Amino acid sequence: MLIKYEFLKLLRKKSTFIVIIVSLVLTAFLFGLPIMQYQTYHQGGVAKGKKGIDYEKEYYLGLAGPLSEEYITKTILEVQQLFQNPDHVGYDGNEKFLIGAAYWKGIAPREKLLNMIVKAYDRPNENSAYDRLSDLDITDGANFYRAMETKMEALLNDPSRELSEEQKEYWSNMTHKIEFPLRYGYFGGWEIIMSSLELLMFAILAICIIIAPVFSGEYQAGTDAVILSGKYGKTKLVTAKIVASFLFGILIFTLHMAVAFGLPLAAFGTDGWNLPVQIANVTIPYPFTFLQAALLSIGVIYLVLFAMIGLTLLLSSGMKTSYLVLMVLIPILFIPMFLTPNGTTGTYNLILFLLPYRAIMPEIGKYISYQFGNLILDAFSVKAILYTFLTLIMLPLARLGFKRHQVV
């Protein structure tokens, strides 16, 4: 009954509805923006929004399937044959490219696939386009997967990454778990979601704003004296406030999550959920499908949410007003937004990756790892451990802070 009372107390506030509605509208706008702005070009012009999505999905049907060595060799050969006709080739002084029907019929429908293939042959820090395929030696076949493994090894051994031998071995063992041949297909909805998850930070902020007065609001209203002198004021009621805050946060955040995932998947479809993430970037070391990567990312985001709720309750138990609570929380949540990592190693970068804003970004294409002696953990594991630990530490402290509050 106490939990229900505290839950309804949070829910029935007018300010709660205002914050939730504003936050949901903002989430819908941010995750719906890629849909509204989406456009794809074809020989007849440009297709925008839903028409553009449908147009792209249609030609992906002919590309779906396993990327065997034979298929990739055949694809590269077709590109090379297009470049052999001088009438098909343009040149801007820096690079050559196909023009006219050769581009629109031979390249445009599969340009994303071609650019994915060519990335396997690039050296670290190179970013070639499909035109590089025209100069590729495929006399003995494309050897795409050998090139892909060589590219990953080159990244691991790149001196600028400063990886230890143990870290190199860790990532090398992980990349060997990737199943070949890769399966290709349409993955537009999942691509939008995975690149936008950090936008859920606004939903976390909204929940923190609503929960901020849980303890400090009692101080402001002067009801702390009544509560703390009551029979269950320092025991069951404190627990009820904490549990209700978590239940409320989970419910509201899940609603935001439904909007964040629902809009892209409704517009782009769920196609690609079972495809490997390497078709988006051949150097991704995790042996995941898009659905697995999304679920793992969601799990980490919820753990960050729990820790932020715990921190909010801790601050609320020790501060006189909810405004002071938010003055501490907002910088913690959003200052990392303006900080840019300059690599994937070093104390500054490794700490930055663990701060709330960066922690909810999947960043699965980066070889981020933490070494503790001979133990190597990837970023997902460290985030999960850290935010679980912070939650478990802050909740007892929040409880103790309210129990020890001195009524003025």
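The values are calculated or read from the model by the stated rules, or taken from the named source; none is laboratory data. Note that this is a predicted model, so its numbers are computed, not measured. Glycine gets a Cβ as well: all are built from the backbone with ideal geometry, and neighbour counts include every protein chain shown. These accessible areas exclude ligands, DNA and RNA; they are computed on the full protein's heavy atoms, side chains included. Shrake-Rupley method; radii C 1.70, N 1.55, O 1.52, S 1.80 Å.
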message = For the chain, set up a GNM with springs between Cα atoms under 10 Å and report which of 188, 310, 44 has the largest fluctuation.
response = 44
message = Pairwise over distinct Cα atoms, reciprocal of the mean inverse distance: report the Kirkwood radius of the chain in Å, one decimal place.
response = 24.2
inquiry  = Filter the chain for me: DSSP H helices, axial length by Cα at least 20 angstrom, mean Kyte-Doolittle hydropathy not below 0.5. List them by residue number.
reply    = 14-37, 236-268, 290-318, 379-403
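For the chain, what does the accessible surface come to per residue with a 1.4 Å probe? Please give it in Å². Don't skip to the answer; put the middle values down first.
Values: 19680 Å² over 408 residues.
Value for the chain: 48 Å² per residue.
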key: Percent of C-alpha pairs per 10 Å bin, segment 1-155, short to long   = 9, 26, 25, 16, 8, 10, 6, 1
message = Report the Cα centroid-to-centroid distance between segment 349-380 and segment 40-108 in angstrom, as an integer.
response = 37
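Taking all protein chains in place and a 1.4 Å probe, what share, in percent, of the accessible surface of the chain do carbon and sulfur account for? Can you show the working numbers first?
Working: 12270 of 19680 Å².
So the carbon and sulfur contribution to the accessible surface is 62 percent.
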query = Expressed as a rounded percentage, what relative contact order does segment 11-68 have, with Cα pairs under 8 Å and six or more residues apart?
reply = 19
key: Inter-probe distance in nm under a simple model that places probes 7 Å from Cα toward Cβ, at residue 273 and residue 340   = 3.7
key: Fluctuation leader among 207, 107, 138 - the chain, Gaussian network, Cα springs under 10 angstrom   = 138
request  = Determine the principal axes of the Cα atoms in segment 226-329, then give the extent along each, sorted from largest to smallest and rounded to whole angstroms.
outcome  = 61, 25, 23
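So what's the back-of-envelope 222 nm ellipticity for the chain, counting only DSSP H runs of four-plus at -39500 (n - 2.57) apiece and dividing by all residues, rounded to 500?
Values: 18 runs with 244 residues, N = 408.
Helices in the chain give a 222 nm mean residue ellipticity of -19000 deg cm²/dmol.
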note = Which of 13, 151, 57 fluctuates most in a GNM of the chain (C-alpha springs under 10 Å)? That residue is 13
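Dividing the Cα radius of gyration by the Kirkwood radius, what Rg/Rh value follows for segment 9-65? Display every interim value, and only then the final one.
Numbers: Rg = 18.8 Å, Rh = 14.2 Å.
Reported Rg/Rh, Kirkwood definition of Rh: 1.33.
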inquiry  = Suppose the chain between residue 281 and residue 104 were pulled fully straight at 0.36 nm per residue; how much longer would it get relative to their current alpha carbon spacing?
reply    = 61.3 nm
remark   = When every protein chain stays in place and a 1.4 Å probe is rolled, 87, 122, 158 sorted by accessible area with the largest first are 87, 158, 122
